[in-house]
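Structure first, commentary second.
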Amino acid sequence: MKLEVLEKDGYYHIYNRGINGCLIFENDENKNFFLKQFSKYLSETISIFAFCLMDNHFHLVIRINEDEKIVTQGFSNFFNSYAKAFNKENSRTGSLFEKHFKRIKLNDEEYLKQLILYVHLNPKHHLDLKFDEYKYSSYQAFISNKETKIEREEVLKLFGGIENFIFSHNQKNDFLSERHTFE
């Protein structure tokens with residue numbers, strides 16, 4: 001599979017999981033460290049539109065703001081630093097993530113909106129948790145007034161305001177809940 005090149009000004013869905021489906025986060029400290037390293041290596045080169053960290057995988061929705069080589073190197077440094085720390089803490093060796101992080105270029109606003117919903121609803125879909133209370137998702141950053149590195153204003157504008165942002169998430173959540181009861 002040929003990897004998508006990360007183009008400046010492009011929007012991407014970045015995701016990966018633990019090798020063989022293994023956990024990449026054993027606890028909240030791991031998730032906090034992952035976010036800290038993410039910010040350290042990439043906050044100056046990308047914009048964040050959504051994220052969600054699950055126990056064995058993660059999703060990021062981003063825009064590339066710098067040259068592809070700079071951002072790709074930032075991702076490499078980020079994943080390597082996290083994997084080394086995780087391996088050391090858990091007395092393990094070898095790869096933590098599947099070979100290459102997945103990247104899908106987003107080509108239109110509707111896809112971007114649907115992806116943001118999908119990422120935020122991951123806790124409901126995978127763990128049957130309340131998505132709007134899940135600590136390791138960017139959802140709460142959009143509905144609070146706390147300072148954030150998330151592109152809050154841009155995303156809320158995309159959804160037509162905070163009320164529609166919340167409504168869209170709840171509507172999609174209800175749809176997933178109804179669908180789940182029929183399976």
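Residues that are touching a helix residue (DSSP H, G or I) at 6+ places or on another chain (Cβ under 8 Å), basic (K, R), surrounded by fewer than 14 Cβ atoms within 10 Å (Cβ to Cβ) and under 27 Å from L156 (Cβ atoms) do occur in region 1-22. Among the conditions (1) surrounded by fewer than 14 Cβ atoms within 10 Å (Cβ to Cβ); (2) not in a loop (DSSP other than H, G, I, E, B), K99 misses just one, which is (2). Tell me, yes or no, whether region 128-145 has at least one residue that is within 18 Å of E7 (Cβ to Cβ) and aliphatic (A, V, I, L, M). For region 128-145, residues within 18 Å of E7 (Cβ to Cβ) and aliphatic (A, V, I, L, M): absent. Could you tell me which numbered condition Y41 fails, if it satisfies all but one of (1) modelled with pLDDT of 95 or more; (2) surrounded by fewer than 18 Cβ atoms within 10 Å (Cβ to Cβ)? The one condition Y41 does not meet is (2).
Out of curiosity, is E178 among the acidic types (D, E), at pLDDT 95 or above, open to solvent by 90 Å² or more (accessible area, probe 1.4 Å) and part of a helix (DSSP H, G or I)? Against the criterion (among the acidic types (D, E), at pLDDT 95 or above, open to solvent by 90 Å² or more (accessible area, probe 1.4 Å) and part of a helix (DSSP H, G or I)), E178 does not qualify. Can A85 be described as in a helix (DSSP H, G or I), more than 24 Å from F159 (Cα to Cα) and either modelled with pLDDT of 95 or more or among the aliphatic types (A, V, I, L, M) (or both)? So A85 passes the test.
State yes or no: is I104 part of a helix (DSSP H, G or I) and either open to solvent by less than 70 Å² (accessible area, probe 1.4 Å) or small (G, A, S) (or both)?
In short, no.
The values are calculated or read from the model by the stated rules, or taken from the named source; none is laboratory data. Fair warning: this is a prediction, and the values are worked out from it, not measured in the lab. All Cβ positions, even for glycine, are placed from backbone atoms using ideal geometry, and neighbour counts span all protein chains on display. Remember, those area values only see protein heavy atoms, side chains included, never the ligands or the DNA or RNA. Shrake-Rupley method; radii C 1.70, N 1.55, O 1.52, S 1.80 Å.
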